[in-house]
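Structure record follows, encoded as structure tokens.
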Amino acid sequence: MTLLSVNDITVRYGRLTALRGASLTLNEGEILFVTGPNGAGKSTLMKAIAGVVKPVGGSIAFRGETISGRSPEDIARMGFSMVPEGREVFGSLTIEENLRLGIGMRADRDQAARDLEMVYSIFPVLLSRRHQHAGALSGGQQQMLVIGRALMAGPKLIAIDEPSLGLAPKVIDDVYQTLVKLRDTIGLTLLIVEQSATRAKLTGGRMILMRSGEVALEGDARELASSDALKQAYFGYG
Ligand code: ATP
């Protein structure tokens, strides 16, 4: 079933057009990689879905409802969680306090308590260190914490901006194993902005390649990541 559809959206920052008629669909339980060179519009796409930037053209539907034009809070309440680039944790708060911040405006406190248990079962390192300050965590553990915090809102869809940035390869493997596990166990749908097509190839799923604010290519991640068409679109040669 289609969970998200982005139809022909255009986003401008002043005179600069960051997205020019970008479209995509995302089915429930699917992983979609959004790849492409710097400045292609990947983060802008994510922010447009989240309602943080407003498209000047096109429309976005989530769970069958039009969300373009709605506030970020409304969109979050409908089940969309965003993990922005940069892994911002509140360093002077404990890990558990950071996770509880993710509950936000959520009404169902019993379910939130169950979700906290779920987050701890997926990330045992957060459980064992729950009373420590988040600032003491390693980069990889902080990435787990921000993903855990996003899960505390009880989302259907999580969008993550560059989860591997600045992490060691082994740690990136752990992060991705966890993301796949989340899809397989709780049916989470994932939109992942990732510069590395290789990572998309290793993980599988679907992939789009953005270039100059447009979706230049779309297909199966494993097939597309190995294709000459990708090299051509990415680097301008084949
Ligand atoms: P990167 O991989 O470098 O993060 P990206 O594919 O995520 O790039 P965006 O961050 O979406 O690309 O940027 C798309 C274009 O919009 C770029 O030319 C960028 O300079 C511009 N841009 C992004 N944010 C703003 C902003 N707040 N104000 C003005 N221009 C912006």
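Scanning region 127-135 for residues that are in contact (Cβ under 8 Å) with a residue 24 or more places away in the chain and out of contact with any strand residue (DSSP E or B) (no Cβ under 9 Å at 6 or more places or on another chain) turns up at least one hit.
Take residue 160 and decide whether it is modelled with pLDDT of 90 or more, in contact with a Pro (Cβ under 7 Å, 6 or more places away or on another chain) and within 16 Å of the ligand (Cβ to nearest atom). Walk me through it before giving the result.
Working: modelled with pLDDT of 90 or more: yes; in contact with a Pro (Cβ under 7 Å, 6 or more places away or on another chain): no; within 16 Å of the ligand (Cβ to nearest atom): yes.
Taking the combined requirement at face value, the residue does not satisfy it.
Given the criteria surrounded by 21 or more Cβ atoms within 10 Å (Cβ to Cβ), assigned to a strand (DSSP E or B), in contact (Cβ under 8 Å) with a residue 12 or more places away in the chain and under 15 Å from the mean Cα position of the chain (by Cα), does residue 160 qualify? Judged against the criteria, residue 160 is a match.
Hey, any hits in region 153-176 for a residue that's more than 25 Å from residue 47 (Cα to Cα) and among the hydroxyl-bearing types (Ser, Thr, Tyr)? The answer is no, given that none of the residues of region 153-176 is more than 25 Å from residue 47 (Cα to Cα) and among the hydroxyl-bearing types (Ser, Thr, Tyr).
Among the conditions (1) crowded, with 16+ Cβ neighbours inside 10 Å; (2) of a type in the set (A, V, I, L, M, F, W, C); (3) more than 8 Å from the ligand (Cβ to nearest atom), residue 1 misses just one, which is (1).
The condition of being over 20 Å from the mean Cα position of the chain (by Cα) and under 25 Å from residue 4 (Cα atoms) holds for only one of 143, 132, 111, that being 111. Of all residues in region 9-34, those that are within 12 Å of the ligand (Cβ to nearest atom) and surrounded by fewer than 19 Cβ atoms within 10 Å (Cβ to Cβ) total 7.
Do we find that residue 57 is at pLDDT below 95 and over 27 Å from residue 180 (Cβ atoms) in this structure? Reasoning before the result, please.
Numbers: at pLDDT below 95: no; over 27 Å from residue 180 (Cβ atoms): yes.
When the stated conditions are applied, residue 57 does not pass them.
Conditions (1) free of Cβ contacts under 8 Å to residues at least 60 places away in the same chain; (2) on the phi > 0 side of the Ramachandran plot, marked per residue:
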site	(1), (2)
9	yes, no
19	no, no
27	no, no
36	no, yes
40	no, no
43	no, no
55	yes, no
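Those residues that are within 16 Å of the ligand (Cβ to nearest atom), in contact with a Pro (Cβ under 9 Å, 6 or more places away or on another chain) and not hydroxyl-bearing (Ser, Thr, Tyr), I need them from region 35-84; list them, please. Result: 46, 47, 48, 50, 51, 52, 82, 83.
Which residues, counting only those in region 215-224, are without any contact (Cβ under 8 Å) to a residue 60 or more places away in the chain, within 24 Å of residue 21 (Cα to Cα) and in a helix (DSSP H, G or I)? Steps first, please.
Keep residues of region 215-224 that are without any contact (Cβ under 8 Å) to a residue 60 or more places away in the chain, which gives 217, 219-220, 222-224.
Within this subset, residues satisfying the condition of being within 24 Å of residue 21 (Cα to Cα) are 217, 219-220, 224.
Scanning region 215-224 gives a single hit, 224.
The values are calculated or read from the model by the stated rules, or taken from the named source; none is laboratory data. On a predicted model such as this, the values are computed, not experimentally measured, just so you know. Cβ atoms come from the backbone with ideal geometry, glycine included; neighbour counts cover every protein chain shown.
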